[in-house]
Amino acid sequence: MNPVIENETLRLIVVLLANLVRYFLFAGIAYLLFYVWKRKAWFYMKIQQKFPTHRDLLREIGYSLTTILIFAAIAMIIWYARSEGFTRIYTNVDQFGWVYWVFSLGLLIFIHDTWFYWTHRWMHSSPRIFSLFHRVHHLSHNPTPWTAFAFHPAEAIVEALFFPLVVLLLPLHIGVLALFLLWMIVLNVIGHTGYEIIPVKYHRTWLGRIQNTPTHHNMHHHYGRGNYSLYFNFWDRWMGTNYPNYEEEYEKNAIKRKTESVKVEIKRAA
Ligand SMILES: [Zn+2]
Ligand SMILES: [Zn+2]
């Protein structure tokens, strides 16, 4: 085989496998834990007190597979661009030092949060744009871990475009990119899990005030608009797009979980 083609085939296998493993490992662990193993025992923690159908799950996984193909294609373009010297991805930490390494990870997460908020709001800006890009993601009114990548291909392209733009403009260490991809899938899966797992008064702490909870994104899926942000609550607070009863709803879910878990403990001890 031509060594160039062999090299490209190997790259394609690596990026495809990395994206497949990332999705199926983290969404799969959450699904097995919340929807199979602890399905009955943890039902009291479920935000919407019902389970989605098998048809819903198959639709979510099907669309996620097309998203994975698009993410892999964009990763191939970035890999190619890097080998041609077009990106600012670097491998030697000493080039910018550890302080920049940590700073660039935080900055990358913040930029992605901003990208997500504004593209997400744009996708909700008119019925036409919504149905072209975002309707598929909202077919899940009661999200599951598999909803994390369930996008129409047009939405998947909007989500993925963030990567080529950021690696062209910002010097990013390869390890920062890897950690970011890990952060992205873990937080995305937690946000779609459908269970409130954050402690009761957490939202009153300084970290809790800026971090989103599973209730936050669950409300977005349930009601179809509002609560547009991803990891952090900054943009929804600054733009006034949080549901007015978001904190109340979160507290209600967290308190219910706490009181029900106490009942379970008492029952077990009796
Ligand atoms: Zn939406
Ligand atoms: Zn969602």
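The values are calculated or read from the model by the stated rules, or taken from the named source; none is laboratory data. Predicted model, so just to flag it, every value in this text is computed and none were measured. Neighbour counts run over all protein chains shown; Cβ positions are idealised from the backbone, glycine included.
Identify the residue in segment 202-213 that is out of contact with any strand residue (DSSP E or B) (no Cβ under 9 Å at 6 or more places or on another chain) and touching a residue at least 24 places away in the same chain (Cβ under 8 Å) and, among all such residues, is nearest to residue 262 (Cα to Cα).
This residue is 213.
What's the number of the only condition in (1) in contact (Cβ under 8 Å) with a residue 24 or more places away in the chain; (2) within 12 Å of ligand 1 (Cβ to nearest atom); (3) closer than 27 Å to residue 54 by Cα that residue 119 fails to meet?
In the conditions (1) in contact (Cβ under 8 Å) with a residue 24 or more places away in the chain; (2) within 12 Å of ligand 1 (Cβ to nearest atom); (3) closer than 27 Å to residue 54 by Cα, residue 119 misses (3) alone.
Mind listing just one residue for me: the one in segment 224-233 that is away from ligand 2 (no atom under 12 Å from the Cβ) and buried (at least 18 other Cβ atoms within 10 Å of the Cβ) and, of those, farthest from residue 243 (Cα to Cα)?
Looking at the filtered set, the residue picked out is 231.
Could you run through segment 44-62 and say how many residues are modelled with pLDDT under 95, of a type in the set (A, V, I, L, M, F, W, C) and in a helix (DSSP H, G or I)?
Of the residues in segment 44-62, 1 are modelled with pLDDT under 95, of a type in the set (A, V, I, L, M, F, W, C) and in a helix (DSSP H, G or I).
Please state which of the following conditions residue 171 fails to meet, knowing it meets all the rest: (1) of a type outside the set (Lys, Arg); (2) at pLDDT below 95; (3) away from ligand 2 (no atom under 13 Å from the Cβ).
(2) is the only condition that residue 171 fails.
Under 6 Å between Cβ atoms, at least 6 apart or on separate chains: pull out the pairs that start in segment 162-173 with a residue that is crowded, with 17+ Cβ neighbours inside 10 Å and end on any residue that is of a type in the set (Gly, Ala, Ser) and in a helix (DSSP H, G or I).
Short answer, once both residue conditions are applied: 172/104.
Only residues in segment 214-240 that are closer than 18 Å to residue 183 by Cα count as the first member; pair them with residues that are more than 12 Å from ligand 2 (Cβ to nearest atom) and among the hydroxyl-bearing types (Ser, Thr, Tyr), Cβ under 6 angstrom, at least 6 apart or cross-chain, and list the lot.
Going by the 6 Å Cβ cut-off, the qualifying pairs are 229/117.
Listed residues 22, 11, 55; which is of a type outside the set (Ser, Thr, Tyr) and in contact with a Leu (Cβ under 7 Å, 6 or more places away or on another chain)?
Unique residue meeting the criteria: 22.
Under the condition of being within 14 Å of ligand 2 (Cβ to nearest atom) and polar (S, T, N, Q), which residue from segment 122-161 is surrounded by the fewest Cβ atoms within 10 Å (Cβ to Cβ)?
Here the answer is 142.
List the residue pairs whose Cβ atoms are under 7 Å apart, where the first residue sits in segment 137-151 and is under 15 Å from residue 185 (Cβ atoms) and of a type in the set (Phe, Trp, Tyr), the second is near ligand 2 (Cβ under 10 Å from one of its atoms) and assigned to a helix (DSSP H, G or I), and the two are 6 or more positions apart or on different chains.
Final answer for the pair search is 151/137.
With respect to residue 101, determine if the residue is touching a strand residue (DSSP E or B) at 6+ places or on another chain (Cβ under 6 Å), among the aromatic types (Phe, Trp, Tyr) and more than 16 Å from ligand 1 (Cβ to nearest atom).
yes
Would you mention how many residues in segment 224-257 are in a helix (DSSP H, G or I), within 16 Å of ligand 1 (Cβ to nearest atom) and more than 19 Å from the chain's Cα centre (by Cα)?
Of the residues in segment 224-257, 2 are in a helix (DSSP H, G or I), within 16 Å of ligand 1 (Cβ to nearest atom) and more than 19 Å from the chain's Cα centre (by Cα).
Please determine, by comparing only the residues of segment 201-223 that are away from ligand 2 (no atom under 14 Å from the Cβ) and assigned to a loop (DSSP other than H, G, I, E, B), which one is modelled with the lowest pLDDT.
Across segment 201-223, the extreme among qualifying residues is 201.
Counting only residues that are of a type outside the set (D, E, K, R) and within 16 Å of ligand 1 (Cβ to nearest atom), which one in segment 145-156 is nearest to the chain's Cα centre (by Cα)?
Ranking the qualifying residues of segment 145-156, first place goes to 148.
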